[in-house]
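Worksheet for the structure shown next.
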Amino acid sequence: MKHCTKLTLGKVAATLLCVFGVDARLAAERPFPEFASAVSRPALLPMPRKVEWKGGWCPKGASVTKTVDKSIPTHGYRLEISPKGVAIASSDDAGAFYAEKTLQQFGDAPYPCCAIEDSPKSRWRGVLVDEGRHFFGKGEVKRLLDVMADYKYNVFHWHLTEDQGWRLAIDKWPRLAEVGSVRRSSPPPGAEKGFDNERYGPYFYTKDEVREIVAYARERHIEVVPEIDFPGHVLSVLAAYPELSCRGDVAETGTQWGVFEDVLCAGNDKTMQFLKDVMDEVCDMFPAKVVHLGGDEAPRTRWNECPKCQKRMKELGFRDANELQKWMFREVQRHVAAKGRKAMGWEVKHGGADLGVVAEFGETALPKDAIVQSWRTVKSGVDLVTNGYEVVMSPCMETYYTLPIGLGALDPFPYRLWTKKAKPLDLRRSYFYSPFKNIPREFEHRVLGGEVCAWTESTHNRAELEWKMFPRALAHAEALWSDPQPRDFECFAKRAAAHRLRLLSLGINCSPLALDR
Ligand SMILES: [Zn+2]
């Protein structure tokens, strides 16, 4: 029966080739490589590093064998499709998983015969979803994890705490979820300021839900890296526990977008205990080797006037408040390191709150044994790398899904005001992103990879989130996994068109490719 399928295809091909004047008898004996390539090469995405089309077919029901070959790079694989069957070789489970994901893109057998050698350029292929500003819930997170796995992303950076919402149940500090997961109002869609006067929340994840999602991700070879952002972006914490602020007077979870002067009081021992308690429970829930400690956009205003913070600085012999943030980070870093975790933080300009793009890109308040997520510019990331940091590259103008997709007035969804003035991040620009851009070869090993960031101030629901993520996340997936040199956008766009249809068929609200404008 299996053999018949092949013969039938052969006969069809022979007939067609005959019509076009090719010797039908010869064609029937041969595997028709041209014919096969013309009609059935799958739209592989991300494109594997090396694909050799052999001609011929692997029939339906052929066996799939898996072997271990330690010479294959980490997470890489070899996939050989021949008339006899499918052979997968990898040095680890993730490699075998990615081989299966590639095979899935061939659709149903019969498969065209080929030999594929593949391995990722970036070790860190991340997607950040901000559920602090808007909450999407377990079902949507799982849908995104499914799609991430299909396109070989391997880090889900879960941004769970924000001024406008704390989304994680913490037993020792229960008011975080009770109070911090609710806000009384938000800016109207697309506005920076103002009030819609609609209560938002309570929205948060229970520990069981977190464990379920972490396990779901793990089955798909995705590590869930939680982010607990401090000392800034904590109005939700301070609303729940005002005594952790410098003035003790923060009354409510954030209702506006932006950067706020109220931060965690660094001079209060209770603050440090709070952070350690939270980290204990976070490390218990999340087995990931990395914990993201945020650290961005923390103004020094309160610390500079707070007697407790001033006292702490004096005791520790600090010259300025910047050292206070470094100390706080270091304390928590040490705490998670004792649990075998590596700390990660946002790139922060040394010298204060990182508001506005300024000089001194290479300096940061983070210690050198932390992973830095670079977000300002390509240049700031390069400077961090050349200054000795291990870096994940998320330059905002190339990886932030807050930027418009390039549809202009035709785009039905709102974006933040500043992003409307910026150059759109269309599919082409997304595709030309590379975490290794301008990195001297001798420092490439310090680039762990890159991450796309779905910040959600102006992203209110599942439909908007997916619209802004896809198909850009396909372009970024190929940039991170294959980092093709040179980029062939037209080739990518053809494959992306096929995958867009696939995503739509899965119910993902994928936006248009926007190629014909
Ligand atoms: Zn203080």
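The values are calculated or read from the model by the stated rules, or taken from the named source; none is laboratory data. What you see is a predicted model; the values in this text were computed from it and never measured. Cβ: placed from backbone, ideal geometry, glycine included. Neighbour counts: every protein chain shown.
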I'd like to verify a number: residues in region 436-463 that are more than 24 Å from Val141 (Cβ to Cβ) and not in a helix (DSSP H, G or I), how many? 6
When region 264-273 is checked residue by residue, the ones that are surrounded by fewer than 23 Cβ atoms within 10 Å (Cβ to Cβ) and in a loop (DSSP other than H, G, I, E, B) are Gly267, Asn268
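Yes/no matrix, rows are residues, columns are (1) part of a helix (DSSP H, G or I); (2) among the small types (Gly, Ala, Ser); (3) over 21 Å from Gln164 (Cβ atoms); (4) not assigned by TED's automatic domain parsing to the domain that holds Leu366:
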| site | (1), (2), (3), (4) |
| --- | --- |
| Trp257 | no, no, no, no |
| Asp262 | no, no, no, no |
| Leu275 | yes, no, no, no |
| Ala288 | no, yes, yes, no |
| Val291 | no, no, yes, no |
If I filter region 329-341 for residues that are over 22 Å from the mean Cα position of the chain (by Cα), within 14 Å of the ligand (Cβ to nearest atom) and in contact (Cβ under 8 Å) with a residue 40 or more places away in the chain, do I get at least one hit? no
Looking at region 438-446, can you tell me whether even one residue there is over 26 Å from Lys121 (Cβ atoms) and among the charged types (D, E, K, R)? no
Which condition number in (1) of a type outside the set (Phe, Trp, Tyr); (2) surrounded by 17 or more Cβ atoms within 10 Å (Cβ to Cβ); (3) within 22 Å of Pro471 (Cβ to Cβ) is the one that Val378 fails? (3)
Failed condition for Arg78, given (1) modelled with pLDDT of 95 or more; (2) buried (at least 23 other Cβ atoms within 10 Å of the Cβ): (2)
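Taking region 240-254 on its own, how many of its residues are more than 10 Å from the ligand (Cβ to nearest atom) and touching a helix residue (DSSP H, G or I) at 6+ places or on another chain (Cβ under 8 Å)?
Start the filter on region 240-254 by keeping residues that are more than 10 Å from the ligand (Cβ to nearest atom), which leaves 240-243, 249-254.
From what's left, touching a helix residue (DSSP H, G or I) at 6+ places or on another chain (Cβ under 8 Å): 240-241, 243, 249-254.
Here the count works out to 9.
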What is the number of the single condition among (1) touching a helix residue (DSSP H, G or I) at 6+ places or on another chain (Cβ under 9 Å); (2) away from the ligand (no atom under 16 Å from the Cβ); (3) of a type in the set (A, V, I, L, M, F, W, C); (4) under 30 Å from Phe195 (Cβ atoms) that Trp257 does not meet? (1)
Given the criterion touching a residue at least 12 places away in the same chain (Cβ under 8 Å) and either crowded, with 16+ Cβ neighbours inside 10 Å or on the phi > 0 side of the Ramachandran plot (or both), identify the matching residue among Glu227, Glu198, Glu243. Glu227
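Take region 311-324 and flag every residue that is within 12 Å of the ligand (Cβ to nearest atom) and surrounded by 18 or more Cβ atoms within 10 Å (Cβ to Cβ). Before you say what the answer is, go through the steps one by one.
Pass one, region 311-324, residues within 12 Å of the ligand (Cβ to nearest atom): 311-313, 321, 324.
Arg312, Met313, Ala321, Leu324 - these are the residues of region 311-324 that are within 12 Å of the ligand (Cβ to nearest atom) and surrounded by 18 or more Cβ atoms within 10 Å (Cβ to Cβ).
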Every residue in region 120-143 that is in a loop (DSSP other than H, G, I, E, B) and not charged (D, E, K, R), please. Pro120, Ser122, Gly132, His134, Phe135, Phe136, Gly137
Please find, among Arg472, Arg462, Arg502, Arg517, the residue that is over 19 Å from the mean Cα position of the chain (by Cα) and modelled with pLDDT of 95 or more. Arg502
Kindly indicate the residue of region 95-133 that is of a type in the set (Phe, Trp, Tyr) and buried (at least 21 other Cβ atoms within 10 Å of the Cβ) and also modelled with the lowest pLDDT among those meeting that condition. Tyr111
Residue count, region 198-224 (criterion: in a loop (DSSP other than H, G, I, E, B) and among the β-branched types (Val, Ile, Thr)): 2
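Quick check on my filter: what residues within region 261-275 are over 12 Å from Phe230 (Cα atoms) and out of contact with any Ser or Thr (no Cβ under 7 Å at 6 or more places or on another chain)?
Taking region 261-275 and keeping what is over 12 Å from Phe230 (Cα atoms), we get 261, 267-270, 273.
Hits for region 261-275 are Gly267, Asn268, Asp269, Lys270, Gln273.
Looking at Asn268, is it of a type in the set (S, T, N, Q) and at pLDDT below 95? Step through it out loud before you land on a result.
On the way: of a type in the set (S, T, N, Q): yes; at pLDDT below 95: no.
So Asn268 fails the test.
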Out of Phe195, Phe156, which single residue is more than 13 Å from Val237 (Cβ to Cβ) and either in contact with a Lys or Arg (Cβ under 7 Å, 6 or more places away or on another chain) or not in a loop (DSSP other than H, G, I, E, B) (or both)? Phe156
Among Asp146, Asp108, Asp171, the single one that is in a loop (DSSP other than H, G, I, E, B) and within 29 Å of Leu44 (Cβ to Cβ) is Asp108
What's the number of the condition Glu466 fails, among (1) surrounded by fewer than 22 Cβ atoms within 10 Å (Cβ to Cβ); (2) assigned to a helix (DSSP H, G or I)? (1)
Residue check for Thr271: more than 10 Å from the ligand (Cβ to nearest atom) and in the same structural domain as Ala370 (by TED's automatic domain parsing): no
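Looking only at region 283-301, count every residue that is within 13 Å of the ligand (Cβ to nearest atom) and surrounded by fewer than 23 Cβ atoms within 10 Å (Cβ to Cβ) and tell me the total. Step through it out loud before you land on a result.
So in region 283-301, the residues within 13 Å of the ligand (Cβ to nearest atom) come out as 298-301.
So of that shortlist, the ones also surrounded by fewer than 23 Cβ atoms within 10 Å (Cβ to Cβ) come out as 299-301.
Qualifying residue count for the region: 3.
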Restrict the check to region 178-190 and report whether at least one residue is within 25 Å of the chain's Cα centre (by Cα) and at pLDDT below 95. yes
